[in-house]
Amino acid sequence: MVARVNLTFEEMWEKIIACDSKYDGLFFTAVKTTKIYCRPSCRSRKPKKVNVEFFHDIHEVEKAGYRACKRCQPKSDHAPHIELVRKVISFLVNQYKQKLELQDIADHAGVSAYYLERQFKQATSETPRSYLEKIRIDKAAHLLKNTDRTNLEICYEVGFQTPSNFYKVFRRLRNCSPSEYRALIREEKQH
Ligand SMILES: [Zn+2]
């Protein structure tokens, strides 16, 4: 059983607007007007926010009478190894604040670190560690956009141990500093 991911409506909305495939399988976007449900990464035209509801479980969304989107095929990744990967990703999304070593993640999943890393890489082309960094930077971007917390507060809030590492990883993934990102987003909001 995969744990529900701890994401707010607003965070899930940001991820579907970004067509972010990192969160595929963790939740589903259901559109009340069309009765169709999608993966977060679906490239179809985005629904209106008021018409969207999110589901964490594919059985629940089906039970509610929604049909799978033909374009993004949200049903198609239910192979057993994907179940393991999904379990790990939802663990990372929920525990990103903690200091997590590969072994902690493997222990949670009940497999060896070697097996985990191999399966994870095969499914996502990433290591659990690089995936976790991306989740942390998504959280940081969300906080920069929606709160007045300082860069330093956000650094620790999202699970980085040192500001220098936070700035380095943020720049690598977003091509700007946290302060530049915040300024950019504020400017966009005003237009
Ligand atoms: Zn779709």
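Scanning region 2-32 for residues that are farther than 20 Å from P128 by Cα, in a loop (DSSP other than H, G, I, E, B) and away from the ligand (no atom under 14 Å from the Cβ) returns T8, A18, K32.
Is at least one residue of region 12-27 within 27 Å of K121 (Cα to Cα), buried (at least 18 other Cβ atoms within 10 Å of the Cβ), hydroxyl-bearing (S, T, Y) and within 15 Å of the chain's Cα centre (by Cα)? Looking through region 12-27, at least one residue is within 27 Å of K121 (Cα to Cα), buried (at least 18 other Cβ atoms within 10 Å of the Cβ), hydroxyl-bearing (S, T, Y) and within 15 Å of the chain's Cα centre (by Cα). Checking the stated criteria, V111 turns out not to satisfy the condition of being within 15 Å of the ligand (Cβ to nearest atom) and either over 23 Å from N146 (Cβ atoms) or without any contact (Cβ under 8 Å) to a residue 24 or more places away in the chain (or both). Out of R171, R149, R136, one residue alone is at pLDDT 95 or above and not in a helix (DSSP H, G or I). It is R149.
Consider S76 carefully, then state whether it is at pLDDT below 95, of a type in the set (S, T, Y) and within 16 Å of the ligand (Cβ to nearest atom). The answer is yes for S76.
Residue-wise test of (1) aromatic (F, W, Y); (2) at negative phi; (3) crowded, with 17+ Cβ neighbours inside 10 Å; (4) touching a helix residue (DSSP H, G or I) at 6+ places or on another chain (Cβ under 8 Å).
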site: A141; (1), (2), (3), (4): no, yes, yes, yes
site: N146; (1), (2), (3), (4): no, yes, no, yes
site: C155; (1), (2), (3), (4): no, yes, yes, yes
site: V158; (1), (2), (3), (4): no, yes, yes, yes
site: S164; (1), (2), (3), (4): no, yes, no, no
site: C176; (1), (2), (3), (4): no, yes, no, yes
site: R186; (1), (2), (3), (4): no, yes, no, no
site: Q190; (1), (2), (3), (4): no, yes, no, no
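Go through Y156, Y167, Y131 for me and flag whichever is in contact (Cβ under 8 Å) with a residue 40 or more places away in the chain and aromatic (F, W, Y). The unique qualifying residue is Y131. One residue alone among L92, L84 is more than 30 Å from N175 (Cβ to Cβ), buried (at least 18 other Cβ atoms within 10 Å of the Cβ) and more than 16 Å from the ligand (Cβ to nearest atom), and that residue is L84.
Matching residues to (1) closer than 22 Å to T8 by Cα; (2) in a helix (DSSP H, G or I):
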position: H81; (1), (2): no, yes
position: S90; (1), (2): yes, yes
position: N94; (1), (2): yes, yes
position: Q98; (1), (2): yes, no
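Of the residues making up region 161-183, those that are of a type in the set (A, V, I, L, M, F, W, C) and closer than 19 Å to K134 by Cβ are F166, V169, F170, L173, C176. When S41 is tested against the conditions (1) more than 10 Å from the ligand (Cβ to nearest atom); (2) buried (at least 16 other Cβ atoms within 10 Å of the Cβ); (3) not hydrophobic (A, V, I, L, M, F, W, C), the lone failure is (1). A106 meets the conditions (1) within 13 Å of the ligand (Cβ to nearest atom); (2) assigned to a helix (DSSP H, G or I); (3) in contact with a helix residue (DSSP H, G or I) (Cβ under 7 Å, 6 or more places away or on another chain) in every case but one. The failed one is (1).
The values are calculated or read from the model by the stated rules, or taken from the named source; none is laboratory data. On a predicted model such as this, the values are computed, not experimentally measured, just so you know. Here Cβ is always computed from backbone atoms with ideal geometry, including for glycine, and neighbour counts include all displayed protein chains.
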